[in-house]
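The values are calculated or read from the model by the stated rules, or taken from the named source; none is laboratory data. Not measured: the values here are computed from a predicted model. Cβ atoms come from the backbone with ideal geometry, glycine included; neighbour counts cover every protein chain shown.
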Amino acid sequence: MERYDLATGSLREMNAQLQAVAPGENLTAWEILNPDGRHAIAVGLDAPIEVRVMGPTGYYCSGMNQQATVRIRGNAGPGVAENMMSGKVIVEGDASQYAGATGRGGLLAIKGNASSRCGISMKGIDIVVGGSVGHMSCFMGQKGNLVVCGDAGEALGDSLYEARVFVRGSVKSLGADCVEKEMRPEHLAALENLLESAEIDTDPADFRRYGSARRLYNFDIDNAGAY
């Protein structure tokens, strides 16, 4: 395993080394020591490597991730896995606001709680939260799945498109055009796979599903009050 200590090394140099790893190389396992809340750790990766960040991170950890598996052994600051394309990011603590924002693919697993706007404008990413999420989560969610094992805050799924939202606990309020929908066998099967991939042992049958009522796709004067 390759180790990089941010107490003595440069963040820019560390990211350059990680980004330079090409598929097929032997440098497949990395450990980042003393992250101490620094911003933009392990961003822009594009190889099937494993990176363990041994402590809390600041803004945008693992942003724009492709192929890599990044495990954060602590809390993550705002925008973790922002614009993620593929691979897996696991946060073993809590995540701050807009986790997984605009993500297009891959899996973001947060073992603790996530703050406001989790999954905002998600475009294909799957996000599994072991705890609760804050207000405006999955706002303008276009594609993908948001799974919440705890409770959801106000305005869940506001202005939702085709992203699916699963919540095990209570929902403080639903956003514009977000409604509860039937949980069918295919949804239970997909949810079971997501929970297993996120390393969270919870019964899919305990969840409810939410999605778009599809009233706001095109402007209609009769729905003006919902915008």
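Per-structure values
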| item | result |
| --- | --- |
| Positions within segment 40-76 being within 20 Å of residue 118 (Cα to Cα), surrounded by fewer than 23 Cβ atoms within 10 Å (Cβ to Cβ) and small (Gly, Ala, Ser), in sequence order | 40, 58, 74 |
| Residue 141, sole failed condition from (1) modelled with pLDDT under 95; (2) of a type outside the set (A, V, I, L, M, F, W, C); (3) closer than 19 Å to residue 100 by Cβ | (1) |
| Any hit, segment 110-125, residues being of a type in the set (Val, Ile, Thr), buried (at least 19 other Cβ atoms within 10 Å of the Cβ) and in contact with a Cys (Cβ under 6 Å, 6 or more places away or on another chain) | no |
| Residue among 83, 26 that alone is over 11 Å from the mean Cα position of the chain (by Cα) and assigned to a loop (DSSP other than H, G, I, E, B) | 26 |
| Residue in segment 137-144 that is farther than 20 Å from residue 192 by Cα, among the hydroxyl-bearing types (Ser, Thr, Tyr) and buried (at least 24 other Cβ atoms within 10 Å of the Cβ) present | yes |
| Options 87, 93: the member that is farther than 18 Å from residue 178 by Cβ, small (Gly, Ala, Ser) and in contact with a Lys or Arg (Cβ under 9 Å, 6 or more places away or on another chain) | 93 |
| Subset of segment 118-133 (residues that are assigned to a loop (DSSP other than H, G, I, E, B) and either charged (D, E, K, R) or within 15 Å of residue 82 (Cα to Cα) (or both)) | 118, 119, 120, 121, 122 |
| Members of segment 97-108 found to be among the hydrophobic types (A, V, I, L, M, F, W, C) and either at pLDDT below 95 or surrounded by 24 or more Cβ atoms within 10 Å (Cβ to Cβ) (or both), listed by number | 99, 101, 108 |
| Qualifying residue in segment 66-75 (condition: at pLDDT 95 or above, within 11 Å of the chain's Cα centre (by Cα) and not basic (Lys, Arg)) | no |
| Any hit, segment 162-174, residues being modelled with pLDDT under 95, charged (D, E, K, R), in contact with a helix residue (DSSP H, G or I) (Cβ under 7 Å, 6 or more places away or on another chain) and in a loop (DSSP other than H, G, I, E, B) | no |
| Within segment 198-227, considering residues that are farther than 22 Å from residue 151 by Cβ and in a helix (DSSP H, G or I), the one modelled with the highest pLDDT | 222 |
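The rows are residues; the columns are (1) among the charged types (D, E, K, R); (2) in contact (Cβ under 8 Å) with a residue 60 or more places away in the chain; (3) closer than 22 Å to residue 216 by Cβ.
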residue: 83; (1), (2), (3): no, no, no
residue: 92; (1), (2), (3): yes, no, no
residue: 107; (1), (2), (3): no, yes, no
residue: 152; (1), (2), (3): no, no, yes
